[in-house]
Amino acid sequence: RGGKSVVRPDVTRLVTPGTLTEDTLLDAHRNNYLLAIARARPSAAAAPARFALAWIDISTGEFRIAECDRQGLAAAVARIEPGEIIVSDALYGDPELGPYLRTLPAVTPLARDIFDGATAERRLADYFAVASTEAFGALSRLELIAAAACITYVERTQLGKRPPLSPPQREAAGATLAIDQATRANLELVRTLSGERRGSLLAAIDRTVTPAGARLLAQRLAAPLTDPEAIARRLDAVAIFVNDAASRAEVRRRLAAAPDIARALTRLVLGRGGPRDLAAIRDGIAAAAGLSVLLETLK
């Protein structure tokens, strides 16, 4: 710009705990989720309230949605371990739920327009450039509100830039084992009672060689499957590598050469990438091509 030029001051981004993309600020072995919580008041006085949760990791593009009741809310939040939670200011001030929300880290109360149900479907469809949200499956109105709140918050903090998100994937009720907050903490699945990863079950069994693999292992350990067929498919895949040491070693060797493509791609799309991210995409595609050929021989 020259020594005497004037640099125009401008806001290019709002940095929040749930919208980080830089490797220096993120743990490569765990997701950094932005979680939105929406509530539907019961129509009858005796009926329980329902909650929808939508969580996004903008650094990897993962986008999930689920519903639960008040009893399952704390368990769901403990499983997701979000880096930031967004709720409506009305929910944050609720006499019943407010005290619980204030015990959680990084809770951001927002104006009601972000959780507006009348515009939720349109906002979600516009983000993914689709005519209708029917392309994502049969989402309830409450799920649409939570999902739209997430993507609206992302757009506002990134000042209009849109990270490459996957279409929202709905988690079916009961698809994973429900573990309450106290039990999860005492089991020390992914972190110890003191909050450290070291000493947890995850740290003891994690032998992954890629950041993406480490994140996937943490997700699977935090949310065990309940469907016998899905469990059997996963065990069949494990059995292949248990019984074939040579192939297992070769797959691990090739995986070790694969960079963290998802996070590199997000930084490039948002204009925060550099030569290393371009190289990561190149090396990742090359590693994936070789792995694809190798895995075809193992079927």
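The values are calculated or read from the model by the stated rules, or taken from the named source; none is laboratory data. Everything numeric here is computed off the predicted structure, so don't read it as measured data. Note that we place each Cβ from the backbone using ideal geometry, even for glycine, and neighbour counts take in every protein chain shown. Surface accessibility is based on the protein's heavy atoms, side chains included, excluding ligands, DNA and RNA. Shrake-Rupley method; radii C 1.70, N 1.55, O 1.52, S 1.80 Å.
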- Item | Arg70 versus Leu255: modelled label distance in nm, points set 7 Å from Cα along the beta carbon direction | 4.3
- Under 5 Å between amide H atoms, partner at least 5 residues away or on a different chain: which partners does Ile85 have, H built in plane at 1.01 Å? Leu35, Val107, Thr108
- Message: Given contacts defined as C-alpha pairs under 8 Å and at least six residues apart, what's the relative contact order of segment 9-81, whole-number percent?
- Response: 25
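List the relative contact order of segment 159-234 as a percent without decimals, with contacts defined as Cα pairs under 8 Å and 6+ residues apart.
Details: 51 pairs, mean separation 22.5, N = 76.
It comes to 30 percent, rounded to a whole number.
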- Note on the structure: With 0.36 nm assigned to each residue of separation and the Cα-Cα distance removed, Leu159 to Arg207 gains 13.4 nm
- Item | Highest-fluctuation residue, Ile65, Ile240, Ile281 considered, GNM on the chain with Cα pairs under 10 Å | Ile240
- Task: Would you give the gap between the C-alpha center of segment 24-76 and the C-alpha center of segment 194-240, rounded to a whole Å?
- Result: 21
- Note on the structure: Percent antiparallel among DSSP beta bridges confined to the chain, nearest 5, equals 65
- Query: Among the helices of the chain (complete DSSP H runs), which have Cα atoms covering no less than 27 Å along the helix axis and a Kyte-Doolittle mean of at least -1.0?
  - Reply: 275-296
- Give me the distance in nm between label points sitting 7 Å out from Cα along the Cα-to-Cβ direction at Leu221 and Glu96, one decimal. 3.6
- Task: Would you mind getting me the FRET efficiency between Ser194 and Thr12? Use the beta-carbon distance for r and R0 = 45 Å, nearest 0.05.
- Result: 0.75
- (i) 120; (ii) 139; (iii) 186: which one is volume of the Cα convex hull per residue in Å³ as calculated from this entry? (iii)
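Under the Kirkwood approximation applied to all pairs of distinct alpha-carbon atoms, what is the hydrodynamic radius of segment 245-299 in Å?
On the way: mean 1/r = 0.0832 Å⁻¹.
That comes to 12.0 Å for segment 245-299.
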- Query: Any idea of the accessible area per residue across segment 207-298, 1.4 Å probe, to the nearest Å²?
  - Reply: 59
- Counting only residues 5 or more places away or on other chains, whose amide H sits under 5 Å from the amide H of Ser200 once H atoms are built in the peptide plane? Thr192
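Report the relative contact order of the chain, percent, no decimals, based on alpha-carbon pairs under 8 angstrom and at least 6 residues apart.
Details: 430 pairs, mean separation 54.7, N = 299.
18 percent.
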- Can you tell which of Phe51, Phe241, Phe63 shows the greatest fluctuation in a Gaussian network model of the chain with Cα springs below 10 Å? Phe241
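When Rg is the radius of gyration of the Cα atoms in segment 187-249 and Rh is its Kirkwood radius, what does Rg/Rh come to?
Numbers: Rg = 13.5 Å, Rh = 13.2 Å.
Rg/Rh for segment 187-249 comes to 1.03.
Go ahead and run the numbers for FRET between Arg141 and Ala49, Cβ-Cβ distance against an R0 of 22 Å, rounding to 0.05.
Efficiency, rounded to the nearest 0.05: 0.95.
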- How large is the dipole of the chain about the Cα centre if only Lys and Arg carry +1 and Asp and Glu carry -1, each at its Cβ, rounded to the nearest 20 debye? 800
- Pick from Pro211, Pro228, Pro164: which residue has the top mean-square fluctuation in a GNM of the chain where Cα pairs under 10 Å get a spring? Pro228
- Task: Go ahead and run the numbers for FRET between Val238 and Thr297, Cβ-Cβ distance against an R0 of 25 Å, rounding to 0.05.
- Result: 0.90
- Item | Pairwise label distance in nanometres, Ala289 with Leu104, each label 7 Å out on the Cα-Cβ vector | 4.4
